[in-house]
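**Q** This structure is in structure tokens; I'll ask about it shortly.
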Amino acid sequence: MMPATHVLAAVGSAGWLLGPNPVGLVVAVAGAALPDVDELQSMMGYRLSVACGSLPLGIGRQRTHSVFALVLTSVGVGVLVGSGDLGVYFAMGWMSHLILDLFTGGVPLWWPWRRGPEHRVTLGHHHPGGAVDWILCTALSMWVVTMMLEDRWIPVWAEQVRSAVAATGGG
């Protein structure tokens, strides 16, 4: 899937299921981006390979596209930032990434328990950047904008900023 599709799926699913916490949504976007760290065709994976000379995690939808990596990183984020809620937002982003990639050739969901190409879970073989990806990206865009307007995310965010400023003595 295109990066925009992953971002919109993360924001949409996390915002809908967990609420429009702006910090949580940014963490969900990070969770949606990180599974491609081992994919040379992704912007992040390519830059990492140039910087490091080789990828320590393997090349192309390997370990980072598994339930094991999802749980390990989400718990790690929750512990690192001291917030289980943010760990859940991160997990939502990572999970949305894995679900979308099931439609573009599959992922090794059950790594390390099941290894090898014959154990990849797939729901389709649509090409990233193809017509299905663009249609899905457009639909996700409309869904996120609709939620922002109907659920009044912007006023919620403005109130959170006002409360944070008042709590620091700035307001």
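**Q** Would you mind estimating how fast the chain diffuses translationally, via Stokes-Einstein at 25 °C and 0.890 mPa s with the Kirkwood radius over Cα pairs, in µm²/s?
**A** Numbers: Rh = 17.0 Å.
In µm²/s, the coefficient is 144.
**Q** Can you give me the % of accessible surface on the chain that is carbon or sulfur? Probe 1.4 Å, all protein chains present, nothing else counted.
**A** 70 percent
**Q** Take every Cα-Cα pair in the stretch 98-171 and report what % of them are more than 18 Å apart.
**A** Summing the P(r) of the stretch 98-171 above 18 Å gives 63 percent of all pairs.
**Q** Now for a different question. Name the trypsin sites (Lys or Arg not before Pro) in the stretch 64-123 that are in a loop by DSSP and that have at most 16 other C-beta atoms within 10 Å, would you?
**A** Passing both the DSSP loop test and the Cβ count: Arg114, Arg115.
**Q** Which angle between 0 and 90 degrees, to the nearest 10, do you get for helix 131-150 versus the longest principal axis of the chain when only C-alpha atoms count?
**A** The angle comes out at about 20 degrees.
**Q** Given the DSSP H assignment, sum -39500 (n - 2.57) over each helix run of at least 4 residues in the chain and divide by its residue total; what's the result at 222 nm in deg cm²/dmol, nearest 500?
**A** -20500 deg cm²/dmol
**Q** In addition: Kindly state, to the nearest 0.05, the FRET efficiency for Ala139 paired with Val79, given R0 = 35 Å and r defined as their beta-carbon distance.
**A** 0.50
**Q** Convex hull volume of the Cα atoms in the stretch 58-136, per residue, in Å³?
**A** Expressed per residue, the convex hull around the Cα atoms of the stretch 58-136 is 100 Å³.
**Q** Magnitude of the Cβ-charge dipole of the stretch 109-171, K/R +1 and D/E -1, about the Cα centre, nearest 20 debye?
**A** Approximately 280 debye in magnitude.
The values are calculated or read from the model by the stated rules, or taken from the named source; none is laboratory data. Predicted model only: the values in this text are computed from it and were never measured. Cβ sites come from the backbone with ideal geometry, for glycine too, and all protein chains shown count toward neighbours. To get the accessible areas, we keep the full protein, side chains included, count just its heavy atoms, and leave off ligands, DNA and RNA. Shrake-Rupley method; radii C 1.70, N 1.55, O 1.52, S 1.80 Å.
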